[in-house]
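The values are calculated or read from the model by the stated rules, or taken from the named source; none is laboratory data. Small disclaimer: the values here were computed from a predicted structure and weren't measured. Note that each Cβ is placed from the backbone with ideal geometry, even for glycine, and that neighbours are counted across all protein chains shown. Ligands, DNA and RNA are excluded from the accessible area calculation, which covers all protein heavy atoms including side chains. Shrake-Rupley method; radii C 1.70, N 1.55, O 1.52, S 1.80 Å.
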Amino acid sequence: MSLFLAAISVLASLLSGLAALSAGPNGLLRRGIRAWGQAFSSHYARVNPSLTPGRFSRLARTIPFALLGVSGGFAVLAGLLALHDNSTRTAVLPFGLPWLNWHLALDPLAGFFFCVLGIPLIAVSLFGPGYVREFEHGKHPLSVLGLFTGLFVAGMELVLLADDALLFMIAWELMSVASYFLVAYQHENPTNRRAAFLYLLMAEIGAIAIILAFGVLAGFTGELTFGAFRGAVLNPLWASVAFVLALTGFGMKAGLVPLHTWLPEAHPAAPSHVSALMSGVMLKIAIYGFIRFAFDLLPSLFWQWGVLVLLIGSASAVLGILYALQQQNLKRLLAYSSVENVGIIFTALGLALIFQSSGQLQLGTLGLVAGLLHGLNHALFKSLLFLGAGAILHQTHEHSLENMGGLVHRMPKLAALFLVGTLSIAALPPFNGFVSEWLIFQTALQAGSIQSGILRSLIPTASAVLALTSALAAACFVKVYGVAFLGLPRSRHIARTREIRHPGMLAGPALLAACCVLFGVFPMPLINALGPLTQSLTGFVLPNISVLGWLWLTPVSPDVAAYSPALVTLGIVAVGWLCYYLLYRRTGLEPRRAEPWDCGFGGLTPRTQYTSGAFSMPIRRIFEPVFDTRETVEEQREGPANTRITRLRYQFQVFDRAWVALYEPSGRAVTRLARWVGRLQTGNIRTYLAYSFCTLIVLLWVVS
Amino acid sequence: MAWLVAIFQTLLFIALAPLLSGWIKRVKCRLQNRKAPSLFQPYRDLRKLYRKRPIMPYPASWIFRAAPYIVFASTVLAAATVPLVAIHLPTARIADVIVLVGFFALGRTFLVLAGMDIGTAFGGMGSSREMTISSLAEPAMLMAVFTLAMSAHTTNLSQAVSFVLDSGLVLRPSFVFAMGGLILVTIAETGRIPVDNPATHLELTMIHEAMILEYSGRWLALIEWASQIKLMLYGVLIANIFFPWGIAQTFTPDALGFGLAMIALKLAVLAVVLAFSEVLFAKMRIFRVQEYLSFAYLLSVLGLLSHIILEAVR
């Protein structure tokens, strides 16, 4: 049943792509309806003037998204059912190569990720119709966008369903290539083309690594199904080779440092609802792949792998957030923050690997649960923030934080929703981001139960890095909210912005915000639902997690740590309301509106308020070595002896160190190699004849 | 009964916090050869502010209005989770010490947002500085707390305190490091000299004050009160974790009274130490604060590592 629902979900997303295609300017749907309209217009024109061009384009916009919503709904249903049933449904499709049928399977792990995919997808399907309206009269047909969105979603769902390496890779490539076209959608802009090319390049390198990783397993088993892989007998060396290849491949897609550089380029280039899907969901699919490979397919785990994952995860977390802090482009900032969150998830998975390989199954399970939970939470709040950024973009056509400001007055509803996302991603108590980070800290604090002294000191150091990361994340998102939504509008068109009118564009983010609060306040049912999943992966279910009842989280035991988000929320609301009642209701003194005091300086203008660059300047100076900064000041002087400065131009840019250290050298090496190989091409016919002659001689020699 | 004690203790916390500030101010004045104000001056200030009608600047949004309540509520909840006169309170199970750090972060976030809400340069400056300092201080504090948590095998504050009580007076290197780190963090997070100077309104020195410049009346009273509670909270944390003797382990009136007397004594002594340090040191430049806080971070991490290497019983 669950597999059937999942199949419907895949079909619905494929249909959504087809519907978008056929709704194009000369598409089947439009032609058919036009013909129908011409045939019946004489009869129905007066009675039923339903298909006016405006209405039709609204339908053409809505139907693909409605189908995506259906797909999302079925995905959630299928996922919930798979988690609830605690069993694996499999099927063999009669497609594929003659001797290689496609295998499908839906187990609790895939089911959980179906939920991770489904909720943001529903939100996107609500948000999309309003958002894409402005593309309608642009250069690029909506049908292309709709088609590739549908294929992209179908690809992601098929990755989750795949039960053999062949189908997995086909689905993986479908996902990658479809999203390439989405990134390249507005290709008149050279930066977008560059971003798309970089994305495709890195996606394919990652895919090759994954194929090789599967190849190692297939080499030992002679089959391509995951069922066969699970029984593979590998020596530690080959297992490690497979593991490192998988980590590279999936890590490249997930955006681990230093393989993250495509993210900050691709996310701003894609339309916002697609960035929400890419950042919120596609990165999670990569994490799914990693979990599937490491925890499910590989027969044994080694603690060295855990250390590797922990180190890379911590580095990604702290570097991601440090770079995010320095961004002025809102979507770039969000992309870097995804690098951070993926780093946090991998930190948790690294802890899980270490604990599990040292025989601490319960703690390993806890780490896995924490990582999965953070994955879901990130999918929720990052999609919310990307949709919020998209809504701002839609209303103001503004990417840069430096030009925003004061949006809380112009878009109050969106501001409230965005605040929920901000507080969630900053990991503040009653919200969902805090729960998962708390669980990761709790996992790390159990490091004392490991034998090896090196590991015992490594894990707390990693948790120190995590603590720094979460504090910096709070600074980063306070900056985003403060600069974009609070204060005075920094440009004229921002001051004239209006609240979003399209109800769906608010409903999508609202759904995600509600989930953020819900999973933050009541995380227990969610963690309990993960039981079958951990049972199937680690053979362990957290025993004490709900000892004190469903309001309490007790990861290890009530004496070690307990947290009750619901009671905390109740307490904050109660105390806050009591204060409000005593101070405001009882005294009845209405606050007086006045000019800001500002230490008596007066003359408050938008130009005098702190900018995003100014806000993060102290942190940039403190972490100077991490950044590759270029700062220039141009002065224009006049007057006697050039003493009077008439014009001052300050320019400041932060570049990613990974470019300088890794990508530019390898790019140069490839160019040099190409130039060297290019010497073959002399353009002289005699040389080519000589090549043919030599080749012929060699071939004859080989044959004889 | 236990819940009653917990609520009573929280109320006591809220009620006594201004007294501690008054005491610090008094000691400081005496050390500087100034005439000291009454011990109850902070209460009078709060009452005065409470009676005044607050002013809401034109560009302010609802965040500016909501922030004082959220700041106060999160601080009160933080106070509820810290054992003041007794341990084994039910509130310790609702939130552990990581959540306590989270409460501080929640209050701070709203304060910082409120600072940016008006769009004044001062507000933004204070917000930026506060976030910078806290993003360095928070991990240092977490590390100090983790040292304790790993020694006591719990992040539950009550359990941790009773662990220290049970194990008696053992000079653990990890605790010494952690205490050093926590004291440095306390000074930074409560906005005291040498990191911040709460008594001035100068552009060069303001951090905390710059964010709340626009607040007045009842809202300012709430914020001031919350920061007094926060100061006392950190004091109680240091006093009860590292010197827990005298804290009530049963809910009898005698034990509770003794616990109250002991914590009052400990806080009074801590306040004298704080006042001395404030008189002896000058305020640092903002970019020196990072060195100070990295030192705190280093101390805490050293504490953790020394626990793992030297003390962990295997």
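Annotation: amide H of B:Lys52 within the under-5 Å range of B:Arg218, sequence separation 5 or more or interchain, hydrogens built in the peptide plane.
For the stretch B:296-308, the Karplus equation 6.51 cos²θ - 1.76 cosθ + 1.60, evaluated at θ = phi - 60°, returns couplings of 4, 4, 4, 4, 5, 5, 4, x, 5, 5, 5, 4, 5 Hz by residue, with Gly and Pro reported as x.
At a threshold of 8 angstrom on Cα-Cα distance, excluding pairs fewer than six apart, so keeping six or more, what relative contact order does chain B reach in percent? Please report the intermediate quantities before stating the final value.
Values: 491 pairs, mean separation 91.4, N = 314.
Rounded, it is 29 percent for chain B.
In percent, rounded to a whole number, the relative contact order of the stretch A:254-368 is 32, using alpha-carbon pairs under 8 Å and six or more apart. Relative to the longest principal axis of the Cα atoms of chain B, the long axis of helix B:157-167 makes an angle of roughly 40 degrees. Amide H contacts for B:Ile207 (H built 1.01 Å from N in the peptide plane; partners 5 or more residues away or on another chain; cut-off under 5 Å): B:Asn197.
Excluding A:Ala246 itself, what net charge comes from residues whose Cβ is under 13 Å from its Cβ, given Lys and Arg +1 and Asp and Glu -1? With Lys, Arg at +1 and Asp, Glu at -1, the neighbours total +1. Taken one residue at a time, the phi angles of the stretch A:327-342 give Karplus couplings (6.51, -1.76, 1.60, θ = phi - 60°) of 8, 9, 7, 4, 6, 5, 4, 5, 5, 5, 5, 5, 4, 4, 5, 4 Hz. Gly and Pro are set to x.
Each peptide in A:112-124, A:164-176, B:126-138 gets a packing score, the mean of other Cβ atoms within 10 Å over its residues, and the list from highest to lowest is A:112-124, B:126-138, A:164-176. Only Cα pairs under 8 Å and 6+ residues apart enter the sum, and on that basis the relative contact order of chain A stands at 11 percent. In sequence order, the stretch A:662-667 has phi-based couplings of 10, 7, 5, x, 5, x Hz under the Karplus curve 6.51 cos²θ - 1.76 cosθ + 1.60, θ = phi - 60°, and Gly or Pro positions carry x.
State which stretch of chain B is the longest one without any exposed chymotrypsin sites (Phe, Trp or Tyr not before Pro), exposure meaning a DSSP loop state and at most 13 other Cβ atoms within 10 Å.
On the way: sites that count: B:Phe40, B:Trp245, B:Phe281.
The reported range is B:41-244.
Per residue of chain B, the DSSP helices (runs of n ≥ 4 H) give a summed -39500 (n - 2.57) that works out to -24500 deg cm²/dmol at 222 nm.
Peptide A:400-409: average number of partner chain Cβ atoms within 10 Å per residue?
On the way: counts 0, 0, 0, 0, 0, 3, 4, 1, 8, 4.
Taking all residues of A:400-409 together, the mean is 2.
Ranking B:Tyr297, B:Val27, B:Met179 by how far each Cα lies toward the positive end of the dipole of the stretch B:2-311 (charges on Cβ) leaves B:Val27 at the top. The lysine pair count for chain B, using Cα distances under 20 Å and pairs eight or more places apart or on different chains, is 9.
For A:Phe655, the residues whose modelled amide H falls within less than 5 Å of its own, excluding neighbours fewer than 5 places apart on the same chain, are A:Asp628, A:Thr629, A:Arg630.
The three principal axes of the Cα atoms in the stretch B:2-311 give end-to-end lengths of 56, 43, 43 Å, sorted in falling order.
Go through A:10-19, A:150-159 and give me the packing order, highest mean Cβ count within 10 Å leading. Can you show the working numbers first?
On the way: A:10-19: 22.7, A:150-159: 26.6.
The densest-packed peptide leads the list: A:150-159, A:10-19.
The distance linking the stretch A:624-673 with the stretch A:98-126 is 45 Å (Cα centroid to Cα centroid, whole angstrom).
Accessible surface comparison of A:Val408, A:Val660, probe 1.4 Å, protein chains only, largest first: the order is A:Val660, A:Val408. Non-local lysine pairs in chain A, meaning eight or more places apart or on different chains, with alpha-carbon distances under 19 Å, amount to 9.
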